[in-house]
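Trainee: Before I ask anything, let me first share the structure, which is written out below as structure tokens.
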Amino acid sequence: MLAFWVSEQPIHGKPRFVILLGLRASGKTTLGPVLAEQIGGVFLDLDDHSGLRLQSPNTAAAIRAHGFEKFRVAESQALETALAMRRVKPTVLALGGGTPTFAASRERLAKARAGGALLIYLHASPQVLRGRLEKTDTSKRPSITGAGVVDEVDTVYRERDALYREVAAITIDAEGAPAATVEALVRAVNPGG
């Protein structure tokens, strides 16, 4: 039996939807499941659903096969589906790094925010992001600028930082230890304790 929310408004001051945005390696996919567990919720990663809409195994394959524009449309549709889901538990949704760059997705995020969703920008400096990316397999991460995934961090940061700050309700420093960032996220979601 499925249970549905009757409203997207917070219960007892706590948001039903927490949406994490930020650049690659900011911690959305790593910290999102931990946050969901801490608040008794569920975790969704938009990247997992976006590629599937184009029958691709991952984001990079979807972009290679269909191009950025078609991928952004599929990603926006996946976002719409995720936001329309009604769950018994709070939902933590990790966006793709470029999700807010697409106008239709920004509109959906603005409606979600107006409806009570908490949008949080996980901010880290280009230096920290480069360091994290250098330690990971970037083969499933598509190049955005045509440069290497690590090499393009500064450019992508300059292009997106102000946009992320505009879209998000809260910006959280995600440069420190993961436990400290999760603690800051939990405080943001449960400001009263």
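Trainee: Kindly indicate the residue of the stretch 101-124 that is without any contact (Cβ under 8 Å) to a residue 60 or more places away in the chain and surrounded by fewer than 17 Cβ atoms within 10 Å (Cβ to Cβ) and also nearest to Asn190 (Cα to Cα) among those meeting that condition.
Mentor: Ala114
Trainee: Consider the stretch 143-169. How many of its residues are closer than 25 Å to Arg106 by Cβ and buried (at least 17 other Cβ atoms within 10 Å of the Cβ)?
Mentor: Number satisfying all stated conditions: 11.
Trainee: Criterion first (assigned to a loop (DSSP other than H, G, I, E, B) and either over 25 Å from Pro178 (Cα atoms) or of a type in the set (Ser, Thr, Tyr) (or both)) does Thr81 satisfy it?
Mentor: In short, no.
Trainee: Out of the stretch 24-65, which residues are of a type outside the set (Lys, Arg), within 9 Å of the chain's Cα centre (by Cα) and closer than 20 Å to Ser143 by Cβ?
Mentor: Thr29, Leu46, Asp47
Trainee: Could you tell me which numbered condition Ala174 fails, if it satisfies all but one of (1) buried (at least 20 other Cβ atoms within 10 Å of the Cβ); (2) more than 29 Å from Gly67 (Cβ to Cβ); (3) out of contact with any strand residue (DSSP E or B) (no Cβ under 8 Å at 6 or more places or on another chain)?
Mentor: All conditions pass for Ala174, except number (3).
Trainee: For the list (1) touching a strand residue (DSSP E or B) at 6+ places or on another chain (Cβ under 9 Å); (2) of a type in the set (A, V, I, L, M); (3) not in a loop (DSSP other than H, G, I, E, B), I need the number of the one condition that Ala74 fails.
Mentor: Condition not satisfied by Ala74: (1).
Any read-out appearing in this document is the output of simple, stated calculations on the displayed coordinates, not a laboratory observation. This is a predicted model, so every value here is computed, not measured. When we count neighbours, we look across all protein chains shown, and the Cβ atoms used for this are built from the backbone with ideal geometry, even at glycine.
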